[in-house]
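Let me begin by presenting the structure, written as structure tokens, before commenting on it.
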Amino acid sequence: MRTETLAEVLASHPRVVMTGYPEVGKTTLAQNQNDGRLLVHLDKVMEEHGFLDTPREALKLLAGVDRWLVEGTLGYRLLRFGLKNELFEEPRKPLSAVVLVTSKVAVRAEHRALNKGFEKILRETLPLLKIAGVPVFVIEGRPKP
């Protein structure tokens, strides 16, 4: 895992999934750094289609798109679903990079279960990303007051 800014990652990787714990600044980073590519907010996809269908519906939005940025805590589920079903491989547009947004902020009680799921799936997914040759970058999120 390497550390870079989101702007640096986007400059060299056309198809990026950005994920991390809740409330670390993923949406803010995506909105401030987006360079005109399709921006998919997984929270909005979940609101429209529900938790279970979020990965499948998000991938539908990406079909045939050359440059995209998907952001949201549920990005970990999208990664697992996409890797498991070979949806990031040719002839589809392959995943270029993953960005993990971190923060030193204390975890809120209501996020603990989600964070455990995030960590479990990330442990499963990171080795698969390495095998697939997908670089993973770590970016420090915004500090909370």
Kindly indicate whether Glu119 is of a type outside the set (Phe, Trp, Tyr), assigned to a helix (DSSP H, G or I) and modelled with pLDDT of 90 or more. no
Would a scan of the stretch 3-11 turn up a residue that is surrounded by fewer than 19 Cβ atoms within 10 Å (Cβ to Cβ), within 16 Å of Gly75 (Cβ to Cβ) and in contact with a strand residue (DSSP E or B) (Cβ under 7 Å, 6 or more places away or on another chain)? no
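So that you can scan it fast, the table gives a plain yes or no per residue for (1) under 20 Å from Ile121 (Cβ atoms); (2) at pLDDT below 85; (3) part of a loop (DSSP other than H, G, I, E, B):
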site	(1), (2), (3)
Asp43	yes, no, no
Phe51	yes, no, yes
Glu57	yes, no, no
Lys60	no, no, no
Val70	yes, no, no
Leu78	yes, no, no
Phe81	yes, yes, no
Exactly one condition in (1) modelled with pLDDT under 90; (2) surrounded by fewer than 15 Cβ atoms within 10 Å (Cβ to Cβ); (3) of a type in the set (A, V, I, L, M, F, W, C) is not met by Leu74; state its number. (2)
Of the criteria (1) under 13 Å from the mean Cα position of the chain (by Cα); (2) at pLDDT 90 or above; (3) crowded, with 19+ Cβ neighbours inside 10 Å, which one Tyr21 fails: (2)
Can you find a residue in the stretch 44-60 that is touching a residue at least 40 places away in the same chain (Cβ under 8 Å), crowded, with 18+ Cβ neighbours inside 10 Å and among the hydrophobic types (A, V, I, L, M, F, W, C)? no
Does the stretch 126-134 contain any residue that is assigned to a strand (DSSP E or B), at pLDDT 85 or above and within 20 Å of Gln33 (Cβ to Cβ)? no
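The values are calculated or read from the model by the stated rules, or taken from the named source; none is laboratory data. What you see is a predicted model; the values in this text were computed from it and never measured. Every residue, glycine as well, gets a Cβ built from its backbone with ideal geometry; the counts of neighbours run over all protein chains shown.
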